Amino acid sequence: MDKIDSDQDLRAALDRLTPDQQRRLGCRFVQQVMHLCRDERVKRAIMTGIADTATPSELEDAFRAARARAVSTYTDCGKDTDWLEQADHFVAAAAAAALTPDEVLLSDRHNRAWKAAVQVRMAVNCAMMEDDSADEGQIARSQYALAAEFVG
């Protein structure tokens, strides 16, 4: 098992993954904060993305559901902030990042799992505004452990 104890180690490990592995690990990252999601379609999308047996059409539907939720929960500048709604938005954005189809990625440098990991951290940061038990340091350490287990 590779030792991962920094974001640099995490990115290096994620860059060695195939696109399919990036999707599955990215969805596992999102699964850690699924409790912050208010939409059942996004929760199903996350579980679809984790599945080894998901078909291309199921993955496309999952991406569309997560992306639609992320777009619909986007908060306009200047509005009062509902932090848990923002956390929900970032969970959906993380799921969409993990499920992004190859043809939508802008370049090979875009890593689904890394984008999902960052969006998950944003969800936790928002949740911290409402919930003292949320811990951004813990989610990063949890991502390191999950990635080490996945690649190990």
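Let's see how each residue does on (1) among the polar types (S, T, N, Q); (2) open to solvent by 90 Å² or more (accessible area, probe 1.4 Å); (3) touching a Lys or Arg at 6+ places or on another chain (Cβ under 7 Å):
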| residue | (1), (2), (3) |
| --- | --- |
| Ala13 | no, no, no |
| Gln21 | yes, no, no |
| Val30 | no, no, no |
| Val33 | no, no, no |
| Ile46 | no, no, no |
| Pro56 | no, yes, no |
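So that you can scan it fast, the table gives a plain yes or no per residue for (1) more than 16 Å from the chain's Cα centre (by Cα); (2) closer than 26 Å to Val151 by Cβ:
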{"residue": "Lys3", "(1), (2)": "yes, yes"}
{"residue": "Gln8", "(1), (2)": "yes, yes"}
{"residue": "Arg23", "(1), (2)": "no, yes"}
{"residue": "Asp39", "(1), (2)": "no, no"}
{"residue": "Ile46", "(1), (2)": "no, yes"}
{"residue": "Thr55", "(1), (2)": "yes, yes"}
{"residue": "Arg67", "(1), (2)": "no, no"}
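Filter the helices (runs of 4 or more DSSP H) completely within segment 1-92 down to those with at least 3 residues that are in contact with a helix residue (DSSP H, G or I) (Cβ under 8 Å, 6 or more places away or on another chain) and under 20 Å from Asn125 (Cβ atoms). Talk me through it step by step, then tell me what you get.
Details: elements: 7-15, 19-31, 40-50, 56-72.
Filter on segment 1-92 gives 7-15, 19-31, 56-72.
Kindly establish whether Val151 is closer than 15 Å to Leu25 by Cα and at pLDDT below 95. Before you say what the answer is, go through the steps one by one.
Values: closer than 15 Å to Leu25 by Cα: yes; at pLDDT below 95: yes.
Yes; evaluated as a whole, the condition is true for this residue.
If a residue has to be modelled with pLDDT under 95 and under 16 Å from Ala116 (Cα atoms) to count, how many in segment 38-62 make the cut?
The number of residues fulfilling the criteria is 0.
The values are calculated or read from the model by the stated rules, or taken from the named source; none is laboratory data. All figures in this text were calculated on a predicted structure; none of them were measured in a lab. Cβ atoms come from the backbone with ideal geometry, glycine included; neighbour counts cover every protein chain shown. All accessible areas refer to the heavy atoms of the entire protein, side chains included, with ligands and DNA or RNA removed. Shrake-Rupley method; radii C 1.70, N 1.55, O 1.52, S 1.80 Å.
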